[in-house]
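Worksheet: the structure to be examined is printed underneath.
Please treat every number below as a calculation from the coordinates, not as lab data. Because the structure is a prediction, the values reported are computed rather than measured. Glycine also receives a Cβ, built like all others from the backbone with ideal geometry; neighbour counts cover every protein chain displayed.
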């Protein structure tokens, strides 16, 4: 969707409008991505504690209604299909900057980490010791990450390699 909107508006304005709706009112229509429940169950069955670490601002831009984002996301996770995999706010972290997100990742001493932003993995402060997965259909050439187009592909990598 972002790519399509950028083709008609390279300022990003239309994408921000769409994103503002998707992450607030539109979230009520959202379903967990295919394979995420299976991945969570696989990890939980092996006694891994699961966390969500997100780089998310507190509100949409003013021109999008200045709607609150973090509470809506937490409620969607806590009251939906992912609820039994995440222990409420104790396992969900929203950070205001990429730097704070990476610091949170480090503080949690994670064994595995999944993100769809390659910039997180490219940051010099990102810990290379974590087994990392870039969730993207566009692979990148970084030796310390696994390129994974889906959560199911992450699950298969974990089953076959770890």
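Result for the chain in a Gaussian network model with C-alpha springs under 10 Å: among 145, 105, 17, the largest mean-square fluctuation is at 17.
For the stretch 33-161, averaging the sequence separation of C-alpha pairs within contact (under 8 Å, six or more residues apart) and dividing by the residue count gives a relative contact order of 25 percent.
So, in Å, what gap is there between the alpha-carbon centers of the stretch 31-79 and the stretch 85-162? Here the two parts' Cα centres lie 14 Å apart.
Under the 0.36 nm per residue contour assumption, what length would be gained going from the current alpha-carbon distance of residue 63 and residue 107 to full extension? Present the calculation step by step, with values, prior to reporting the outcome.
Values: separation 44, 0.36 × 44 = 15.84 nm, distance 3.51 nm.
Result for the pair: 12.3 nm of gain on full extension.
Need one number: the % of Cα-Cα pairs in the stretch 50-136 sitting beyond the 17 Å mark. Result for the distance tail: 53 percent.
Evaluate E = 1/(1 + (r/R0)^6) for residue 129 and residue 18, where r is the Cβ-Cβ distance and R0 equals 41 Å; express this FRET efficiency to the nearest 0.05.
Step by step, r from the Cβ atoms, then E = 0.65.
The C-alpha radius of gyration of the chain, expressed as a fraction of 2.2 N^0.38 Å, stands at 1.07.
For the chain, what is the mean residue ellipticity at 222 nm derived from helices alone (per DSSP H run of n ≥ 4: -39500 (n - 2.57); sum divided by total residues; nearest 500 deg cm²/dmol)? Present the calculation step by step, with values, prior to reporting the outcome.
On the way: 7 runs with 61 residues, N = 162.
Estimated from H runs of four or more residues: -10500 deg cm²/dmol.
Ranked for footprinting exposure by Cβ neighbours inside 10 Å, fewest first, 7, 41 give 7, 41.
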